[in-house]
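Below is one structure, written out as C-alpha cells, with a few remarks after it.
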Amino acid sequence: MSESGESMEVDVARESAQQGESEAERLIVQPPREHRPVPSDAPVVFDVHGLSVWYGAFRAIRDVNISIHQRQITALIGPSGCGKTTMLRCFNRMNDLVPTARVEGSILYHGADLYEREVDPVEVRRRIGMVFQKPNPFPKSIHENVAFGPKIAGFKGNLDDLVEKSLRKAALWDEVKDKLKDSGMALSGGQQQRLCIARAIAVEPEVILMDEPCSSLDPVATLRIEELMQELVSDYTIVIVTHNMQQAARVSDRTAFFTVDVRDDGQRTGILVEYDATGKIFRNPSDRRTEDYVTGRFG
C-alpha cells in the first residue's frame, strides 16, 4: 500500500475514534440537565406505605414510603445492596417468584393494593412491564419477539401493525424493518435492549420498569437508550434503577436515594433516605448522606 493510502486509513481511523470519544465524552461528563418543572399535582401511579421486604430472615428494605407519579421518570439510586432492585421488583410483583420473599406494608396502584389476594400477578405484569439489566431477547425472530406477549394475551388485531408500532416507539423500526425474520439474538447489544423495550411496549403497559438497562452497553448505545426514555415518558411512567449518577441526573424527573443501614449487631438493610425532584437531589439535597453519595464521597 502507498504512503498516501496508509495516511488516508490512519486519518479515517483517527476521525472515527474521535467521533466515538466525543459521543462517550458527551455521555460521561455532560452536566445534569436543566430539568423541566416537576408538577407536584401529577397523578400518583404507585403509593407505597411502610414497605418492608424480607428474604427469609433477611430484611432487604425497611419502612419505605414513596409515591411514583404518572408520565415521569423516577430514578432509584444508591450503593450496592441497598434494595433498589428489590424495590423495583415490588412494583410488578416479580418478588413473588422468589420462594423466600415476603412483603409487608402496601403498594397501591391507582388506589388498589397490588398485594391483595384476589389481584392476578400476571395481569399486574401486563400493565407494568419490565426491562432487565442485560438484554434478553428470545431465541426467535425480531417479529416473534415483539409479537410473543400480545399472542399470549389473546390479541385479536393485526399483529404486523402492532409489531411495527412497537418497534417504532422503541426507535428500532428503521434499523430492522427489512430483517424482521432474522433472529433477535443477531442484533447488537443496544439494539437487543431496544427490542426488549419494544417487546414490553407491545402488551400496552402503563408503566415500564428498567433495572440498570444500560449497564452492559457501550456509551453510544447508552446514550440512545437515554434518548429513548425521554421520548417514551410522554406515554409511559418509567422507573429506573441505575448506579450511574450522571445518568440519573440526565434522564429523571424525580430521584430516590437509598442507602444501607447497619445495626449494632451487624445486620444490614436498605432504607430510603431522600426522595425529591432530581434537580434538588443533585444540587441541594436535604440529607448529608445524599450529598455525600451524589458527590462521590462514599458509595
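FYI, it's all coordinate maths here, none of it is from the lab. Computed from a prediction, not measured in an experiment: that's the story for all the values here. Positions of Cβ are generated from backbone atoms using ideal geometry, with glycine treated the same way; all protein chains shown enter the neighbour counts.
Of the cross-linked pairs K84/K177; K84/K156; K134/K169; K84/K181; K156/K181; K177/K280, which ones have a Cα-Cα span greater than 30 Å in the structure shown? All intermediate terms of the calculation are to be shown ahead of the outcome.
Numbers: K84/K177 36 Å; K84/K156 37 Å; K134/K169 20 Å; K84/K181 37 Å; K156/K181 21 Å; K177/K280 42 Å.
Checking Cα-Cα distances, K84/K177; K84/K156; K84/K181; K177/K280 exceed 30 Å.
Report the charge-dipole magnitude of region 198-299 in Debye, nearest 20, computed about the Cα centre from +1 at each Lys and Arg Cβ and -1 at each Asp and Glu Cβ. Don't jump to the answer; show the numbers that get you there.
Details: 11 positive and 18 negative charges, 63 e Å.
That gives a dipole near 300 debye.
Pick out, from T85, A198, P139, the residue whose Cα sits farthest towards the positive end of the charge dipole of the chain, with +1 on the Cβ of Lys and Arg and -1 on the Cβ of Asp and Glu.
Projecting each Cα onto the dipole axis, the largest value belongs to T85.
Let me spell out the model: positive unit charges on the Cβ of Lys and Arg, negative unit charges on the Cβ of Asp and Glu, origin at the Cα centre of the chain. What dipole size does that give, in debye rounded to 20?
Values: 37 positive and 45 negative charges, 168 e Å.
Using only the charged Cβ atoms, the result is roughly 800 debye.
Using a simple spin-label model with points 7 Å from Cα along the Cα→Cβ vector, what separation in nm is obtained for F138 and D47?
Simple spin-label model gives 3.7 nm for this pair.
Divide by every residue of the chain the summed helix terms, -39500 (n - 2.57) for each DSSP H run of at least 4, and state the resulting mean residue ellipticity at 222 nm, rounded to the nearest 500 deg cm²/dmol.
Values: 11 runs with 115 residues, N = 299.
Roughly -11500 deg cm²/dmol at 222 nm, from the helical runs in the chain.
Between rounded, prolate and oblate, where does region 185-268 land on the alpha carbon gyration tensor, with a ≥ b ≥ c its root eigenvalues, rounded for a/c under 1.5, else prolate if a/b exceeds b/c?
Numbers: a/c = 1.99, a/b = 1.72, b/c = 1.16.
Because a/c hits 1.5 or more and a/b exceeds b/c, region 185-268 counts as prolate.
What is the calculated FRET efficiency for R168 to Q70, with r their C-beta to C-beta distance and R₀ = 30 Å, to the nearest 0.05?
Values: r = 23 Å, r/R0 = 0.76.
Here the calculated transfer efficiency is 0.85.
What residues of region 53-70 lie in the reach of a label at Q267, counting those whose backbone N is under 19 Å from a point 7 Å from the Cα along Cα→Cβ?
Residues passing the 19 Å test: 53-65.
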